[in-house]
Structures are given as structure tokens and as C-alpha cells.
Amino acid sequence: MFKNLFNKKKQTIVAEEKEYFTKVVDGETKELSIVDDPLFSSKALGDGYAMVAGENKKEIFSPINGEILSVFPTKHAIAMKSTNGLEVLIHIGIDTVELQGKGFDMIVNEGEIIKQGQLLGRVDFDYILKNNKSPDVMVIITNLESREFTLTTNPENEYVGFVKLVG
């Protein structure tokens, strides 16, 4: 009676697993390679994407599910780790470290578990522009190793890109 139950051959299921990334601001997504800073455009820190905030947009959202590793003291950058182990850096603006935290209000803390789409903080992009800084928001995956980030081009897609984890 139980003979077939215990003697079944194990099936190996190979699933293509991807980590999907969403927008961090409401605005336009662009290739990291066209960001006006060689540190980011050369992908020296890793691959990812950049976003240009839409007019009157001030909120920054999490692109992944995971944990906050660090909120920089100047609040212009947040390091996080996805539930799949990808290390992600959100860098708000170019040379915005020089603003010493002015114009940034982050509401998350180190060690906090976050959900994709969760509000991380607010940014005064007008203040960034008035101080002659670029308001581009970069999302960098710093530990891709042999994996690649793929930016999607469909503006109606909920996700802006993905990293293929296995398969």
C-alpha cells in the first residue's frame, strides 16, 4: 500500500529565480552608464539603475524586501541587503554628501526589516538643485559577482529591473 509512496524517484525542479527591483522615486528610470559621475557610470561600485525624480516628488521607497544595513550620517545614502543576499546602495544625488544632511529626512534605521515599496524617507530635491547638485538617485547592487542586472524598458512594468539569481 505504501510501496509507491516511499519508492518515488525524487524530481529535481530547476526554477529560474530572480530578484526584482522597483522604482525608488516616482520618475524616469535611466541607465546607470549615463549618470554624470564616473564613479557610478563606470559601474565601479556595481551595476544597477538611476532615477530622475518627477516634479514635486520627494519620497524615497525601498526597491527590495530586506534589511537596512546603514543610513549614512549625512542621510544621502542607504545601504541594505535583500532577502536573497544582494547588497544594495541607494545614493541620492551626486556630491550631496557636501550638503551635510540638509534636505534629507530618512525614517528608517539600521537593522530595520523593510518591504519593497516601503517609504524610506523624504528628500527636498529643490534644495539639492538650488545647491547645484544632481538630483539623480542611483540604485547599485554591490555584490553581483558573476550575475548581471537587467534594466527593463517597459514603462508599464511594475519592476524596473532584475537580477537572475539561479537558472
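The values are calculated or read from the model by the stated rules, or taken from the named source; none is laboratory data. Worth saying up front: this structure is predicted, and the values here are computed from it rather than measured. Glycine gets a Cβ as well: all are built from the backbone with ideal geometry, and neighbour counts include every protein chain shown.
Tabulated data for the structure shown
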{"read-out": "Residue match in region 34-49 (condition: free of Cβ contacts under 8 Å to residues at least 40 places away in the same chain and touching a Gly at 6+ places or on another chain (Cβ under 6 Å))", "value": "no"}
{"read-out": "From the options Glu98, Glu112, residue that is closer than 20 Å to Phe21 by Cα and of a type outside the set (A, V, I, L, M)", "value": "Glu112"}
{"read-out": "Strands (runs of 3 or more DSSP E) wholly inside region 82-167 that include at least 2 residues being without any contact (Cβ under 8 Å) to a residue 40 or more places away in the chain and touching a strand residue (DSSP E or B) at 6+ places or on another chain (Cβ under 9 Å)", "value": "104-106"}
{"read-out": "Unique residue being surrounded by 13 or more Cβ atoms within 10 Å (Cβ to Cβ), small (Gly, Ala, Ser), touching a helix residue (DSSP H, G or I) at 6+ places or on another chain (Cβ under 7 Å) and within 24 Å of Ser41 (Cα to Cα) when the list is Gly93, Gly161", "value": "Gly93"}
{"read-out": "Residue in region 116-123 that is of a type in the set (S, T, N, Q) and buried (at least 20 other Cβ atoms within 10 Å of the Cβ) present", "value": "no"}
{"read-out": "Within region 44-56, tally of residues that are charged (D, E, K, R) and either buried (at least 16 other Cβ atoms within 10 Å of the Cβ) or not in a loop (DSSP other than H, G, I, E, B) (or both)", "value": "1"}
{"read-out": "Hits in region 8-40 - residues which are loosely packed, with under 10 Cβ neighbours inside 10 Å, in a loop (DSSP other than H, G, I, E, B) and modelled with pLDDT of 50 or more", "value": "Glu16"}
